[in-house]
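A.B. asks: Let me begin by handing over the structure; questions about it come next.
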Amino acid sequence: MTPYCWFDYKTVIVSGASSGIGKGLVTKLIGEHCCTVIGIGRSEAKMQKLVAELGDNARRFSYYLFDVSVKENWVQFEADLRNAGIRPDLLINNAGILPKFDKFTNYTLEDINHAMQVNFYSSVYSMNALMPLIMESQTPGIVNIASSAALCSLAGTSIYSASKAALKSLTESIREECRGQCYIGLVCPGFTKTDIFANQNTGNESDLSERALQMVSTSCARMVNDIIKGIWKRRSNMVFGIDARLMNNTGKVFGVLIPWASSKVIKMAHLAMFSDVFDEEDEGDPTSAVVREKFKQHIPGRHRMG
Ligand SMILES: NC(=O)c1ccc[n+]([C@@H]2O[C@H](COP(=O)([O-])OP(=O)(O)OC[C@H]3O[C@@H](n4cnc5c(N)ncnc54)[C@H](OP(=O)(O)O)[C@@H]3O)[C@@H](O)[C@H]2O)c1
């Protein structure tokens with residue numbers, strides 16, 4: 001058992017508990033902080049695997065299977081908790097998806113809506129449904145897992161970055177509204193080794209994308225450790241991972257130059273993961289001859305609406 005911590009023996013809800021960062025948080029909260037954890041996810045098989053891995057500690061774990069992007073599921077979940085007399089102390093909104101890296105124009109409105117629902121509205125619904133219950137705790141807390149993409153957007157990540165930036169803004173505003181009443185934390189992890197990249201074209205292990213990803217990524221165990229320590233210290237905004245800190249610090253100083261320079265590097269390296277993002281040579285690059293020529297042709301005739 002680690003030295004006393006404010007969430008020892010508390011009841012914690014973790015969404016996206018069945019894999020990656022969420023699964024790591026569940027294991028640590030139960031194993032090292034004697035918490036009672038209620039996990040949320042969709043895959044029963046993955047939850048059962050977690051239960052088996054928890055061994056004796058599984059008695060402190062229960063799970064609900066539902067889609068976090070559906071408002072009614074959270075309303076029902078809250079009613080179930082109330083009926084069972086369960087008063088959660090801490091809510092960790094961690095469930096999320098990473099849409100395949102692509103150009104904005106290649107995403108359908110359904111893709112966009114889905115990413116916003118899972119990455120942003122799920123937290124809106126969960127906080128809307130659960131905040132009154134959590135506020136009944138002596139030590140109420142809510143932690144939202146955003147991303148370094150909320151701090152600096154790269155080409156090919158428009159929808160993901162937007163969904164996480166929305167979550168960041170929402171969290172920071174709620175924090176001020178709840179100051180002195182409820183701890184509100186925001187986590188912006190950088191690349192972390194989890195299954196979230198399963199949809200990306202990372203190629204095989206010898207592929208440059210895969211190697212680049214491995215190089216800048218933080219291990220899941222390290223990320224989980226940092227998140228737990230941050231919550232323990234009741235930190236407000238937490239930026240974890242070398243890549244995330246770099247993007248955050250250089251982004252503040254150099255502004256739009258960072259996404260621009262990142263695009264240059266990604267293009268030069270021909271990363272498989274971004275193969276759908278920069279498919280048309282020169283198009284979209286403001287320094288290219290093609291774009292300069294188009295721009296020149298466009299200037300003479302101004303178009304007025306109405
Ligand atoms: N890994 C990274 O590099 C990274 C970087 C920055 C931020 N993050 C953020 O960290 C969080 C955790 O990501 P991870 O890397 O641990 O991903 P992961 O290994 O893919 O796990 C995602 C979790 O979210 C759950 N989930 C996804 N969609 C859901 C839905 N509609 N309803 C209910 N549960 C859903 C999954 O459960 P089921 O499969 O059971 O549905 C799974 O437990 C995400 O919010 C992600 O955006 C990750």
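Quick grid of which residues meet (1) aliphatic (A, V, I, L, M); (2) in a helix (DSSP H, G or I); (3) in contact with a strand residue (DSSP E or B) (Cβ under 8 Å, 6 or more places away or on another chain); (4) in contact (Cβ under 8 Å) with a residue 40 or more places away in the chain:
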position	(1), (2), (3), (4)
ILE159	yes, yes, no, yes
ALA166	yes, yes, no, yes
PHE197	no, yes, no, yes
MET223	yes, yes, yes, yes
ASP226	no, yes, yes, no
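A.B. asks: Mind checking whether some residue in segment 50-59 is surrounded by fewer than 22 Cβ atoms within 10 Å (Cβ to Cβ), assigned to a loop (DSSP other than H, G, I, E, B) and within 15 Å of the ligand (Cβ to nearest atom)?
C.D. replies: no
A.B. asks: Tell me the residue from LEU170, LEU154 that is farther than 21 Å from GLY241 by Cβ and either hydrophobic (A, V, I, L, M, F, W, C) or free of Cβ contacts under 8 Å to residues at least 24 places away in the same chain (or both), please.
C.D. replies: Values: LEU154 fails: farther than 21 Å from GLY241 by Cβ.
When all the criteria are applied, what remains is LEU170.
A.B. asks: Within segment 161-183, work out how many residues are within 13 Å of the ligand (Cβ to nearest atom) and among the small types (Gly, Ala, Ser). Break it down stepwise before answering.
C.D. replies: Start the filter on segment 161-183 by keeping residues that are within 13 Å of the ligand (Cβ to nearest atom), which leaves 161-168, 171.
After this cut, where a residue has to be among the small types (Gly, Ala, Ser) as well, the list is 161-163, 165-166.
So the count comes out to 5.
A.B. asks: For residues that are in contact (Cβ under 8 Å) with a residue 60 or more places away in the chain and polar (S, T, N, Q), scanning just segment 1-26, find the one that is farthest from the ligand (Cβ to nearest atom).
C.D. replies: Applying the first criterion (in contact (Cβ under 8 Å) with a residue 60 or more places away in the chain) to segment 1-26 yields 5-7, 10-17, 19-22, 24-25.
Remaining after also requiring polar (S, T, N, Q): 11, 15, 19.
Working: THR11: 19, SER15: 6, SER19: 4 Å.
Among those that are in contact (Cβ under 8 Å) with a residue 60 or more places away in the chain and polar (S, T, N, Q), it is THR11.
A.B. asks: Here's something else I'd like to know. Looking only at segment 86-101, which residues are away from the ligand (no atom under 12 Å from the Cβ), modelled with pLDDT of 95 or more, out of contact with any Lys or Arg (no Cβ under 8 Å at 6 or more places or on another chain) and over 18 Å from LEU65 (Cα atoms)?
C.D. replies: ARG87
A.B. asks: Filter segment 146-160 for residues that are within 16 Å of GLN117 (Cβ to Cβ) and within 11 Å of the ligand (Cβ to nearest atom) and give the result.
C.D. replies: Correct list: ALA146, TYR160.
A.B. asks: Let me ask something additional. With the requirement that a residue be within 16 Å of the ligand (Cβ to nearest atom) and either touching a residue at least 12 places away in the same chain (Cβ under 8 Å) or buried (at least 19 other Cβ atoms within 10 Å of the Cβ) (or both), what does segment 102-121 give you?
C.D. replies: Just the residues of segment 102-121 that are within 16 Å of the ligand (Cβ to nearest atom), to begin with: 110-121.
If the condition is that a residue be within 16 Å of the ligand (Cβ to nearest atom) and either touching a residue at least 12 places away in the same chain (Cβ under 8 Å) or buried (at least 19 other Cβ atoms within 10 Å of the Cβ) (or both), then ASP111, ILE112, HIS114, ALA115, MET116, GLN117, VAL118, ASN119, PHE120, TYR121 are the ones that fit.
A.B. asks: Look at LYS23 and say whether it is among the basic types (Lys, Arg) and touching a helix residue (DSSP H, G or I) at 6+ places or on another chain (Cβ under 8 Å).
C.D. replies: yes
A.B. asks: In addition: Name the single residue that is farthest from ALA95 (Cα to Cα) among those in segment 123-145 being touching a Leu at 6+ places or on another chain (Cβ under 9 Å), within 12 Å of the ligand (Cβ to nearest atom) and assigned to a helix (DSSP H, G or I). Give the derivation first.
C.D. replies: Going through segment 123-145, the residues touching a Leu at 6+ places or on another chain (Cβ under 9 Å) turn out to be 123-124, 126-127, 130-131, 133-134, 137, 139-145.
When the remaining residues are screened for being within 12 Å of the ligand (Cβ to nearest atom), the result is 123, 126, 143-145.
In the following step, the residues that additionally are assigned to a helix (DSSP H, G or I) were identified as 123, 126.
Numbers: SER123: 9, SER126: 11 Å.
My answer is SER126.
A.B. asks: Which residue pairs have Cβ atoms under 7 Å apart, sit 6 or more places apart or on different chains, and have a first residue in segment 33-46 that is touching a residue at least 24 places away in the same chain (Cβ under 8 Å) and a second that is among the small types (Gly, Ala, Ser) and surrounded by fewer than 18 Cβ atoms within 10 Å (Cβ to Cβ)?
C.D. replies: ILE38/SER62
The values are calculated or read from the model by the stated rules, or taken from the named source; none is laboratory data. Keep in mind that this is a model prediction, so the values were computed, not measured. Virtual Cβ from ideal backbone geometry, glycine too; neighbours counted across all protein chains shown.
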